[in-house]
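The values are calculated or read from the model by the stated rules, or taken from the named source; none is laboratory data. Note that the structure is predicted; figures quoted are calculated from it, not measured. No Cβ is skipped: glycine too gets one built from the backbone with ideal geometry, and neighbour counts run over all protein chains shown. The area values use the complete protein model at the heavy-atom level, side chains included, leaving out ligands, DNA and RNA. Shrake-Rupley method; radii C 1.70, N 1.55, O 1.52, S 1.80 Å.
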Amino acid sequence: MEQKTAPVLEMRNITKRFPGVIANDNISLTLHRGEVHSLLGENGAGKSTLMNILYGLQQPDSGGIWMHGKPVRLQSPADAIKHGIGMIHQHFMLVPSLTVAENVALGLRSKRHPLTNLKTVAHRIQELSEKYRLQVDPNAYVWQLAVGERQRVEIIKALYRDASILILDEPTAVLTPPEVDDLFVTFQQMAANGRSMIFISHKLHEVLQLSDRITVLRHGRITGETFPQETDRRQLAQMMVGREVQMAPNKSEVRPGSVMLDIEGLFAPGDRGGDAVRNLRLQVKSGEIVGIAGVSGNGQRELAEAISGLRKPRAGKVQINGTVLRTSCPKSARKAGLAYVPEERMRDGAIGDFNIKENLILLDHGDTKFCRPSGMLRFAKIKEHCNRLVDEFNVKTPDLETPTKHLSGGNIQKLILARELSGNPKVLIAAQPTRGVDIGAAEYIHKRLADERTRGTATVVISEDLDEIMALSDRIAVMYEGEIMGIVERDNASREEIGLMMAGVQRLNAA
Amino acid sequence: MQEVKSKVTSWLIPIGAVIAALALGAIMLLALGAEPLSGYATMFGAAFGNLKGLSATAMKSIPLLLVGVGICISFRANVINIGGEGQMVMGALWATITALSFPHLDSLMLVPLVLLMGILGGAVWGAIPGALKAYFNVSEILSTIMLNIVAVQIMNYLLRGVLIDPGEIERGTRIPQTARLPETSDLPLLFEGLRVHLGFVIALLAAFAVWVLLWRTALGFKLRSVGLSREAARYAGIPVKRSIITALALSGAMAGLAGAILVFGSESHRMVTDGSSTGFTGSAGFNGIVVALFAGLHPLWSIPSSLLFGGMLVGANALQRAAQVPSALVIALNGLIVVFVVSSEFFRRKLQQHHSARQAIEEDSRLTEENVGS
Ligand SMILES: Nc1ncnc2c1ncn2[C@@H]1O[C@H](COP(=O)(O)OP(=O)(O)OP(=O)(O)O)[C@@H](O)[C@H]1O
Ligand SMILES: [Mg+2]
């Protein structure tokens, strides 16, 4: 981007402190018309904080914001929206019990205020969704939508408010590669229309593909600025983490043992009625990682929830280590030795208002190691345990008493993994295990999953990231419309074949 | 630094709310033709000015504190218990029946026994709406309120029937009250010449026990996690349904204990009904909610909170005697305090935002000047 006029946005010398951390340390950032400016940085580097300040959600301790050369006050999102700033948050900000149109209309003043005209809203949504190729049904309820669809609603919401500056805080974290490709077409079209974007992602190839300019943050400071044509993935990784990163873990030779997870004839209902999982059969042996590939929304989440007891299956049976699980009873699954890293980490995986210590003992607070026979908790033991986990998984936090909701997104994910892996599970279901974590942390999580395999855990990894599946799995099962299209050995797997199965074009009968 | 500041504001909020409520109350006093300053002086003098007043305040605070700490348990588990009144009544009834059935037990046996029965009676009356909510998804707000009515009817029926003092029938007066309960069930007085009795110590201990329960035990951990996120608790294998029932049962147990203490610490040492629940409880089943909310649902903060509200009750009675001001004024004051606490929380947030925004703007203009200068 050549500099034509005054930048549309300038953040100058922004500093923001939280108890125990300086989230932003004298950060300055500019954005030009039609530019896509990427922010890169480790979990907890301060990216979301900077963006929250820009969106008026938080106030800087010092520093200011200029738009088109004039200082502006952004004291609330309402101010930001007035100045044409829109934000797609790292965590969804939609009201699940309302429809898409209602969510978009929320907080808007219609011409006939206080009445809203949902028909007009729906109509406009339709227009926008055609113009920008963002497929959504304005009348669907948000709780019924898959994550990819929710993401599109968030973007439509911002477009509806006619945002000329869009803050995109990890918009692709929850999307499949084809969805990301579609989204990038939309973003490019938006940029061509003169809209500017700040883009945050932990996926380096996306950053290289989409950005005009890249700024790297570390520990709240800007540590580098570069352009995609002048750099590559390795160098970016180096800039972010300060060392080389290796994505595929070294896996030791492990001979799979006995069947630990045995799923037979499983049917599970979807949120919108009908069966999301259909007649599914899968066996996972101890010391084995089975990767479940597939476009999101093909029953992966429902499968994981049915196994863990969060969703009541319509038929079928799940056994862990020979014990048949009671349906719809998470406790019995836990007892049998299941660990589960859920897809919905903010809803299921952690309690935002609990502190880190409390979230880390959510599973085993009743165990004799943490609880006396009298029912009193052993705080000294708990503290020791939690300090160890926080160290091991490099959860960035000032202390164990910090409310979990104050952690950065990636650090919450690390916390959940730390807890789930700490209980020596027999069976581990990990849905999107590295979603939202930085590359250094992803490397560590992959290593830990490989360690679990060596230890003899039967692991199911659900991921939309085929690279991740290929790097981790011993066998790969492909899900399409609730069924397993085929299971292939990792060593014989070809991406083309998997791709065809993911699209539902081809089915393997051998499995 | 910021830490310290927020600590101080969190202290000031409730105090500010009380002052604001008193200021509005002063206007009401004026409207009622009373001199506000001397009115308030009368109130506070009566409630906190001398030993007798303090003793009366402590007495009033007992049921408020017990119901309040029970509310801390249920609200922390995100179950709304509006059934304190009924749970108090049921606890009192179970305890009364027990005392009447075992008149010959000595005090060391009978006092713990009746208090235990009070706890059980309240717990059962709390567990019922708990089970209805857990298994049939019946709103606990509705069911606890309805069970209040049921409890009152049972009380009236029993006190007019089988439990009535035989003397009332002989004399034909038929006042619905029990006979004088066995003296061995009287709660011992703490100080010679003052009315305050063992119940006050029990209430203080209960507050401490609830604090331990909520923040030091595995059970309390479960209840709080269910309260903050049912989904996450369920996912972690915590039995959500059982936790809901437990929370309401424990909450009811505290109210039941309050009911029992009211009976055995009463001056008449009888259980009496005037046909309503408030006639027996003095509305402590409802006011306990206010006490707990004012204390930020913290059991230990509930102690000063209950003393404050207990003191207001004593003061309002004194004011009524001295200046013919209706004691309903105290209800208005209670309500005002709650309104102010809730809204001051809101103002605190606004203030914080404003503060940092102003800093930003100052910084802004400084930077602009620098820019222009260069
Ligand atoms: N409201 C808050 N209270 C206290 N600390 C906070 C708060 N919000 C953020 N922090 C802290 O500020 C730091 C920066 O967090 P931020 O969310 O900006 O990171 P991030 O770069 O977006 O990370 P991620 O990639 O994991 O999303 C972290 O250490 C975090 O714990
Ligand atoms: Mg973030």
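A run of chain B free of exposed loop cleavage sites, with trypsin sites (Lys or Arg not before Pro) counted only in DSSP states other than H, G, I, E and B and at most 13 other beta carbons within 10 Å, reaches its longest extent at B:181-374. With R₀ set to 25 Å, the beta-carbon distance separating B:Ala41 from B:Ile15 gives a calculated FRET efficiency near 0.85.
Using only Cα atoms, tell me the angle between helix A:379-392 and the longest principal axis of chain A; keep it within 0 to 90° and round to the nearest 10. Between helix and principal axis, roughly 70 degrees.
Between helix A:177-192 and chain A there is an angle of about 0 degrees, using the helix long axis and the longest principal axis of the Cα atoms.
Of the residues in the range A:54-93, those shielded by at least 40 Å² of accessible area once partner protein chains are present, compared with the chain alone at a 1.4 Å probe, are A:Gln59, A:Asp61, A:Gly63, A:Trp66, A:Gln75.
Chain B against chain A buries an accessible area of about 3100 Å², both chains summed, 1.4 Å probe radius. A 1.4 Å probe run over the range B:39-111, with the rest of the protein chains in place, finds 34 Å² accessible per residue. For the range A:8-49, a reduction of at least 40 Å² in accessible area between the chain on its own and the assembled protein chains (probe 1.4 Å) is found at A:Arg12.
Note on B:Lys52 and A:Thr454: the model spin-label points, each 7 Å out from Cα along the C-beta direction, lie 8.1 nm apart. At an R0 of 45 angstrom, the distance between the Cβ atoms of A:Asp367 and A:Met93 translates into a FRET efficiency of 0.80.
Over the protein assembly as shown, DSSP H runs of length four or greater, each weighted -39,500 (n - 2.57), average out per residue to a 222 nm ellipticity of -16500 deg cm²/dmol.
Distance between the pseudo-spin-label points of B:Ser107 and A:Thr186 (7 Å out from Cα toward the beta carbon): 7.7 nm. Listed by chain and number, the aspartates and glutamates whose C-alpha is less than 15 Å from the C-alpha of A:Lys82, apart from same-chain residues fewer than 8 away, are A:Asp162. Among the GluC sites (Glu not before Pro) in the range B:164-208, those located in a DSSP loop and surrounded by at most 10 other Cβ atoms within 10 Å of their own Cβ are B:Glu192. The length gained by stretching the chain between A:His123 and A:Lys405 to full extension, at 0.36 nm per residue less their Cα-Cα distance, is 97.9 nm.
The string of couplings for the range A:257-263 from the Karplus curve (6.51, -1.76, 1.60, θ = phi - 60°) is x, 7, 5, 9, 10, 10, 10 Hz, one whole number per residue in order, with x for Gly and Pro. Here the 3J(HN,Hα) profile of the range A:215-230, calculated from phi with Karplus coefficients 6.51, -1.76 and 1.60 at θ = phi - 60°, is 10, 10, 10, 9, 6, x, 10, 7, 10, x, 9, 8, 10, x, 6, 9 Hz, Gly and Pro shown as x.
Roughly how many percent of the accessible protein surface of chain A is carbon and sulfur, given a 1.4 Å probe and a whole-percent answer?
On chain A, the fraction of accessible area on carbon and sulfur atoms equals 48 percent.
For each pair in A:Lys312/B:Lys133; A:Lys16/A:Lys357; A:Lys312/A:Lys369; A:Lys16/A:Lys369; A:Lys157/A:Lys357; A:Lys131/A:Lys414, compute the distance between the two Cα atoms and list the pairs where it is over 30 Å. Long pairs (Cα-Cα over 30 Å): A:Lys312/A:Lys369; A:Lys16/A:Lys369; A:Lys157/A:Lys357; A:Lys131/A:Lys414.
Of the residues B:Asp106, A:Asp491, the one with the largest accessible area comes first in the ranking A:Asp491, B:Asp106, computed with a 1.4 Å probe on protein heavy atoms.
Result for chain B in a Gaussian network model with C-alpha springs under 10 Å: among B:Leu51, B:Leu159, B:Leu116, the largest mean-square fluctuation is at B:Leu51. In terms of Cα atoms, the Rg and Dmax of chain A work out to 23.3, 72 Å. So which trypsin sites (Lys or Arg not before Pro) in the range A:320-352 end up in coil per DSSP with only 15 or fewer other C-beta atoms within 10 Å? Listed in order of number, the matching sites are A:Arg326. Residues of the range B:231-258 whose accessible area (probe 1.4 Å, heavy atoms of protein chains only) drops by at least 40 Å² once all protein chains are present, relative to their chain alone: B:Glu231, B:Ala232, B:Arg234, B:Tyr235, B:Ala236, B:Gly237.
In a fully extended conformation the segment linking B:Lys241 and B:Thr173 would gain 19.6 nm over its present Cα-Cα distance, using 0.36 nm per residue.
Determine the relative contact order of chain A: mean sequence separation of Cα pairs under 8 Å and six or more apart, normalised by residue count, in whole percent.
Here the relative contact order equals 16 percent.
For A:Gly224, the residues 5 or more places off, or on other chains, whose built amide H falls under 5 Å of its own are A:Val216. Pairing the Cα long axis of helix A:439-455 with the longest principal axis of chain A, what angle in degrees results, from 0 to 90 and rounded to the nearest 10? The helix A:439-455 is inclined about 0 degrees to chain A. The range B:253-283 and the range A:444-511 have their alpha-carbon centroids 67 Å apart.
Per residue, how many Å² of accessible area does the range A:225-266 show with a 1.4 Å probe?
Normalised by residue count, the accessible surface of the range A:225-266 is 64 Å².
Which three semi-axes in whole Å describe the equivalent ellipsoid of the protein assembly as shown, each the square root of 5 times a Cα gyration tensor eigenvalue, listed largest first? Write down the numbers at each step before the final one.
Working: eigenvalues 643, 263, 115 Å².
Values for the protein assembly as shown, descending: 57, 36, 24 Å.
For the range A:9-241, the orientation-averaged shadow of the C-alpha convex hull comes to 12.8 nm² (one quarter of the hull surface). Amide H contacts for A:Leu261 (H built 1.01 Å from N in the peptide plane; partners 5 or more residues away or on another chain; cut-off under 5 Å): A:Val284, A:Asn321.
Within chain B, the selection of entire DSSP H helices by a Cα span of 18 Å or greater along the long axis and an average Kyte-Doolittle value of at least 1.6 returns B:107-136, B:198-216, B:240-264. As a calculated quantity, the FRET efficiency between A:Glu392 and A:Asn139 at R0 = 45 Å, using C-beta atoms, amounts to about 0.45.
Taking amide H as placed 1.01 Å from N in the peptide plane, A:Met87 has its amide H under 5 Å from the amide H of A:Ile167, each at least 5 places away in sequence or on another chain.
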